[in-house]
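Engineer: Have a look at this one before I ask anything.
The numbers here are math on the coordinates, done by the rules we state, and not lab data. Worth saying up front: this structure is predicted, and the values here are computed from it rather than measured. When we count neighbours, we look across all protein chains shown, and the Cβ atoms used for this are built from the backbone with ideal geometry, even at glycine.
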Amino acid sequence: MPQSQTLSLQPNAQPKDRLYRWLEGAEIRVREFRRYPWVLPLLASLCLFGWVALGAQAFLSSGHAHHHQQGISSLLINSQLMIVAMMTPMFIPVVLHIVRSVNPSQRFIAVGVALVTYSVLWVLPCVGLTLVYDAAKQNWPTISGFSPYLAPAVLVSCWWVGRRNSVIAIKTRCSQFLPVHVIGALFYISLVRCTANAWSRCVIECGLVMLSMLLLQSHSLLIMLAMTAILIADRYAVLNQLRSVSWHWLILSVAVLTFQSF
């Protein structure tokens, strides 16, 4: 079985069979991390840096600064930190695929191009949507009255979307990637195409989650950690890949609504 393929399961598979399949997939990932020992420390360091920076920012601002009341430069930086902290774990399979596909001398450059592409594809929509949301609130003040309910509503939609068979089918193909060329300009073009294709599948799973983050009245590290944990669980830890943990979004929507009420 190719390492880049998803281990598919039958809907009526027994719990023991699901566990064995999941352990088989985990063993494949462990072997790849041993083969490329620098990949996991690199991505873990990026993720940790993002969380530490967000934590320091929340501490310095005492948790009261509204994340929309910023300049463009601050908005770009904060969006980048949020993406690095929350989305880096979702990018691990793409990095492993790229590292396997290119020559040893190209690996660090390839991973750098992929990380930059992935960040740009996330940060630009986040900044754009935030600016549109701010402009809408200024032009239609009635929107501000609904602000506490927007993020929970989007999280409820995460639950609904996560239950759709079409979305589940797309998520089971998340470990199938476009080929990467190793010669000339095609090297960079194929890297961007591969990363963009992986992002387009990830945005189906994570896009609504990130939208709910943008609609929060203030960023809470606990809520961000909870969102990241659910995404990681749904991506890696679910024993049966034809199931979903989307019901967690309902619980989180209640928590967000309660948090924003105080």
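Engineer: With the Cα gyration tensor of the range 85-146 in hand, give its eigenvalues times 5 under a square root as the equivalent ellipsoid semi-axes, listed largest first in whole angstrom.
Structural biologist: Gyration-tensor ellipsoid for the range 85-146: 39, 11, 6 Å.
Engineer: Any chance you could list P(r) for the range 81-201, counting all Cα-Cα pairs in 10 angstrom bins from zero, rounded to whole %?
Structural biologist: Histogram of Cα-Cα distances, whole percents per bin: 11, 32, 30, 18, 8, 1.
Engineer: If you don't mind, another one. Would you mind calculating the gained length between residue 189 and residue 221 on full extension (0.36 nm times residue separation, minus the Cα-Cα distance), in nm to one decimal?
Structural biologist: 7.9 nm
Engineer: To the nearest 0.05, how large is the calculated FRET efficiency for residue 48 and residue 146 if R₀ is 41 Å and r is the Cβ-Cβ distance?
Structural biologist: The formula returns an efficiency of 0.70 here.
Engineer: Once label points are set 7 Å from the Cα along Cα→Cβ at both residue 76 and residue 36, what is their separation, rounded to one decimal in nm?
Structural biologist: Spacing of the two 7 Å Cα→Cβ label points: 2.9 nm.
Engineer: Return the distance in nm (one decimal) between the two label points of a simple spin-label model at residue 132 and residue 255, each offset 7 Å from Cα along Cα→Cβ.
Structural biologist: With each label placed 7 Å out from Cα toward Cβ, I get 2.8 nm.
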